[in-house]
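The next block holds one structure in the form of structure tokens; read it before the comments.
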Amino acid sequence: MSPKPIDQFPPGSRVKIVALNAGCSARSKLYSLGLIPGTEVIINNSGCGPFKLKVRETDLVLGYGLAQKILAYDSQSTTSKKS
């Protein structure tokens with residue numbers, strides 16, 4: 001299973017960031033928001049408007065262009081594979 005952009009996960013999904021497919025400026029912005037590889041986030045998106053997610057008890061709102069640069073795995077499926 002390969003990672004996919006976080007905007008492709010359904011609302012309520014818990015995902016683990018594995019990479020940022022972004023240039024230096026966008027990567028720096030994502031890092032400053034706490035979106036770094038290894039971080040678990042919850043997708044709160046409703047499908048309309050900006051992309052909503054929760055990271056470390058903080059609600060964030062991103063544009064879809066920036067959200068597409070964040071690659072992740074479904075953390076529930078990776079946890080069950082280890083068991």
(request) Look through 54, 29 and report the one residue that is within 12 Å of the chain's Cα centre (by Cα), surrounded by 13 or more Cβ atoms within 10 Å (Cβ to Cβ), at pLDDT 90 or above and among the basic types (Lys, Arg). (result) 54
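Matching residues to (1) assigned to a loop (DSSP other than H, G, I, E, B); (2) within 16 Å of residue 18 (Cα to Cα); (3) touching a helix residue (DSSP H, G or I) at 6+ places or on another chain (Cβ under 8 Å); (4) aliphatic (A, V, I, L, M):
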{"site": "30", "(1), (2), (3), (4)": "no, yes, yes, yes"}
{"site": "34", "(1), (2), (3), (4)": "yes, yes, no, no"}
{"site": "38", "(1), (2), (3), (4)": "yes, yes, no, no"}
{"site": "41", "(1), (2), (3), (4)": "no, yes, yes, yes"}
{"site": "47", "(1), (2), (3), (4)": "yes, no, no, no"}
{"site": "52", "(1), (2), (3), (4)": "no, no, no, no"}
{"site": "61", "(1), (2), (3), (4)": "no, no, no, yes"}
{"site": "65", "(1), (2), (3), (4)": "no, no, no, no"}
{"site": "71", "(1), (2), (3), (4)": "no, yes, yes, yes"}
(message) Can you go through 22, 26 and tell me which one is part of a helix (DSSP H, G or I) and either in contact with a Cys (Cβ under 9 Å, 6 or more places away or on another chain) or touching a residue at least 24 places away in the same chain (Cβ under 8 Å) (or both)?
(response) 26
(request) Among the numbered conditions (1) surrounded by 14 or more Cβ atoms within 10 Å (Cβ to Cβ); (2) outside any helix (DSSP H, G or I); (3) of a type in the set (Asp, Glu), tell me where residue 7 comes up short. (result) (2)
(request) Considering every residue within the stretch 40-50, establish whether at least one is crowded, with 19+ Cβ neighbours inside 10 Å and farther than 11 Å from residue 7 by Cβ. (result) yes
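The values are calculated or read from the model by the stated rules, or taken from the named source; none is laboratory data. Because the structure is a prediction, the values reported are computed rather than measured. All Cβ positions, even for glycine, are placed from backbone atoms using ideal geometry, and neighbour counts span all protein chains on display.
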